[in-house]
Amino acid sequence: MISGYFSARWGCPFVWTRLAIPGRPPQPVPFLIDTGSSTSIVHAKDARVRLNLATDAMEPAAWTPEETVRRRGVAGVALSRQMEATFEFTHDDGSLQTIAETIELGAVDSQQLPSLMGWDLLRRFRIELEQGTGTVTLLPQ
């Protein structure tokens with residue numbers, strides 16, 4: 001069982017995981033649980049502050065066409081960079097669950113957005129959300 005929380009700022013469910021991307025050791029990142037997103041994305045502020053990425057790594061002009069992803073969402077079209085990643089989830093009993101998956105890196109203009117955990121990861125869990133009690137739980141399937 002992996003426990004999360006409801007954010008006072010966003011009013012939405014979050015869970016912490018340690019994220020490793022190429023050239024960077026695993027670092028803790030809070031992810032908003034987004035059942036409306038097919039993919040997970042680490043947005044610019046978390047990439048800069050938590051993963052210590054330089055701002056120029058989040059500039060779409062520096063990305064190759066093969067790694068550039070265009071997503072259409074509620075807010076319009078957003079650009080991101082697809083890369084390999086490893087997610088380390090810590091269960092309440094202290095055990096680790098490691099998942100290798102791709103993640104998208106948000107462009108520099110995504111500074112104000114929280115990182116999102118989409119169905120690419122969520123499909124591996126049963127999700128229990130209780131906003132009244134503030135309980136967020138991911139249970140392995």
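The values are calculated or read from the model by the stated rules, or taken from the named source; none is laboratory data. Quick caveat, the model's predicted, so the values are computed rather than measured. Neighbour counts run over all protein chains shown; Cβ positions are idealised from the backbone, glycine included. Ligands, DNA and RNA are stripped out before the accessible areas are found, and what is left, the full protein with its side chains, is counted by its heavy atoms. Shrake-Rupley method; radii C 1.70, N 1.55, O 1.52, S 1.80 Å.
Brief remarks on what is shown
- The stretch 37-45 - phi-based ³J(HN,Hα) in whole Hz, Karplus 6.51/-1.76/1.60, Gly and Pro as x: 9, 7, 10, 8, 9, 9, 7, 4, 5
- For the stretch 1-126, the C-alpha radius of gyration sits at 1.01 times the compact-globule guess of 2.2 N^0.38 Å, with N the residue count.
- Atom-type composition of the exposed protein surface of the chain places 52 percent of the accessible area on carbon and sulfur (1.4 angstrom probe).
- What the chain shows is 54 Å² of accessible area per residue, with the surface traced by a 1.4 Å probe over protein heavy atoms.
- Under DSSP loop assignment and at most 13 Cβ neighbours within 10 Å, longest trypsin sites (Lys or Arg not before Pro)-free interval of the chain: 10-122
- Using the Karplus relation 6.51 cos²θ - 1.76 cosθ + 1.60 with θ = phi - 60°, the per-residue 3J(HN,Hα) values for the stretch 21-27 come to 10, x, x, 10, x, x, 9 Hz, with x marking Gly and Pro.
- Neighbours of Ser115 by Cβ distance under 11 Å: Lys/Arg scored +1, Asp/Glu scored -1, total -1.
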